[in-house]
1. I'd like to verify a number: residues in the stretch 299-324 that are within 21 Å of residue 254 (Cβ to Cβ) and more than 23 Å from the chain's Cα centre (by Cα), how many?
2. So which helices (runs of 4 or more DSSP H) are wholly in the stretch 54-172 and hold at least 3 residues that are open to solvent by less than 10 Å² (accessible area, probe 1.4 Å) and within 25 Å of residue 217 (Cα to Cα)?
3. For a quick check of your reading of the model, give me the residue pairs whose first member lies in the stretch 286-315 and is in the same structural domain as residue 353 (by the TED database), whose second is exposed (fewer than 15 other Cβ atoms within 10 Å of the Cβ) and assigned to a loop (DSSP other than H, G, I, E, B), with beta-carbon atoms closer than 7 Å and at least 6 apart or on different chains.
4. Looking only at the stretch 180-191, decide whether some residue is open to solvent by 30 Å² or more (accessible area, probe 1.4 Å), outside the structural domain of residue 255 (by the TED database) and either under 22 Å from residue 73 (Cα atoms) or assigned to a strand (DSSP E or B) (or both).
5. Looking at (1) at pLDDT 95 or above; (2) assigned to a loop (DSSP other than H, G, I, E, B); (3) of a type outside the set (D, E, K, R), which is the only condition residue 310 fails?
6. Name every residue in the stretch 200-229 that is in a helix (DSSP H, G or I), over 12 Å from the mean Cα position of the chain (by Cα) and surrounded by 15 or more Cβ atoms within 10 Å (Cβ to Cβ), in order of residue number.
7. When the residues of the stretch 203-239 are narrowed to those that are touching a His at 6+ places or on another chain (Cβ under 8 Å) and not hydroxyl-bearing (Ser, Thr, Tyr), which ends up farthest from residue 137 (Cα to Cα)?
8. Between 184, 163, which is out of contact with any strand residue (DSSP E or B) (no Cβ under 6 Å at 6 or more places or on another chain) and within 23 Å of residue 322 (Cα to Cα)?
Amino acid sequence: SSQFFTCSTILAGIPLSSSHSLLERITFWASVSLLLHYQQEQRTCRNFKFSSFRLYNSSLTMVFRRSVAVVGVGKMGSNIARCLIESPICSEVCGVYDTNNAIVRELYEEAKAAGKAKSNGFPTSLKDAVAEADCVVVSLSGEDVCHSVCFGGGESDLISVLEPGTCVIMATTVKSSWARSASERFHEVGIRYVDCPVSGGPIRAKSGKLTVMMSGCDDSLEAAMPVVKAMGEDIHVITGGSGMASTVKMCHQLLAGVHICAAAETLSLAAKAGVDPDQMYKVVSGAAGDSWMFQDRGKRMIETADPSTMMKLNDHVKDLANINQEAIELMCHTPLTSAALQQFVAAEALGLGTSDDSTVVKAYERISGVPVCNRDHELKDEKKNEWGGQSTTHLL
């Protein structure tokens, strides 16, 4: 057939080792010919783009590339987009969408420079951004925004503009109940959905080293896996269907919030007792009480009173409140979650909601009257009373 000869041309430059039998070669060519035929007919394989074929372990494996769009390009989403632009898995990063047109334009130029921009101009609407995408990665600030973007009504939400067969990769932290509901609604119209929260922060997002939790039906997981592998290096497929990955992320966020508050409490107690917070940090970093959050957020607490925002403090208020709500529904006792939530609420009440989450230490400082950051020890005498306590000159 014409497809067979087309396939033969594609494969002409691919070395076949003597270990591959004639039957294996014919089977491989016939399979590719069939898939090309389906692609031409725009049937179920219309979303697959052929790029390369790899031979290893005496088996023939076809590798598909994806056209990807990213919705929500804040600190996490923009770096996920940059990672996908650099990844060989993605044939196109066909569009990014956000209310911030400046970052949309910037990412479009980066995709264009990499030869992966779909059009001659950056997308100006959600519909333009996701047109012809095989997979759409959604990385937004929270569940309410996700609901608006996915199911906001009219003809400008994802469920209205996506073609059947497209795969939505929900990389936003949402409640498990919302993830299950979203999966059902998308599947009703033929759109795949993967519950896919991530962890690791913007730096690891850019380098493709996120920890990824994913759950969903087998068909959706298979469609999303190449893109997810480009995003993360530590990938966990959680059984039980959509919503279970978000449940795992919820439990993770419990630990994250509690550990940040524990770091702040430890350093605040040390400072109040006259121990140099820098020395306290070094001691704990090499001892059994250490944690990843203590090393990362604790370092920010002692280095500067005004750190750059990597994760907003009010995100923990949202996450811990959701954990409390789900724990009540499950009748599960979570007292540490409640205690940590109150510390973040107190810090948000001080006007720190959009500041870095490490600034929760200021809620402790306001009560103790002693700052943790060594730079704050040099406050002028007339400003020391702002802490509500005594002079900090007694610190070592």
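The values are calculated or read from the model by the stated rules, or taken from the named source; none is laboratory data. Note that the structure is predicted; figures quoted are calculated from it, not measured. Every residue, glycine as well, gets a Cβ built from its backbone with ideal geometry; the counts of neighbours run over all protein chains shown. What goes into the accessible areas is simple: the full protein's heavy atoms, side chains included, and nothing from ligands, DNA or RNA. Shrake-Rupley method; radii C 1.70, N 1.55, O 1.52, S 1.80 Å.
1. Residues that pass the stated criteria total 1.
2. Where helices (runs of 4 or more DSSP H) fall fully within the stretch 54-172 and carry at least 3 residues being open to solvent by less than 10 Å² (accessible area, probe 1.4 Å) and within 25 Å of residue 217 (Cα to Cα), they are 75-86.
3. 309/354; 312/354; 314/354
4. As a first pass, look at the stretch 180-191 and keep what is open to solvent by 30 Å² or more (accessible area, probe 1.4 Å): 180-181, 184-185, 187-190.
Subset that is outside the structural domain of residue 255 (by the TED database): 180-181, 184-185, 187-190.
Subset that is either under 22 Å from residue 73 (Cα atoms) or assigned to a strand (DSSP E or B) (or both): none.
No.
5. So residue 310 meets the others, but not (1).
6. Pass one, the stretch 200-229, residues in a helix (DSSP H, G or I): 201-206, 218-229.
Okay, now just the ones that are also over 12 Å from the mean Cα position of the chain (by Cα), so 218-227, 229.
Correct list: 220, 221, 223, 224, 225, 226, 227.
7. 217
8. 184
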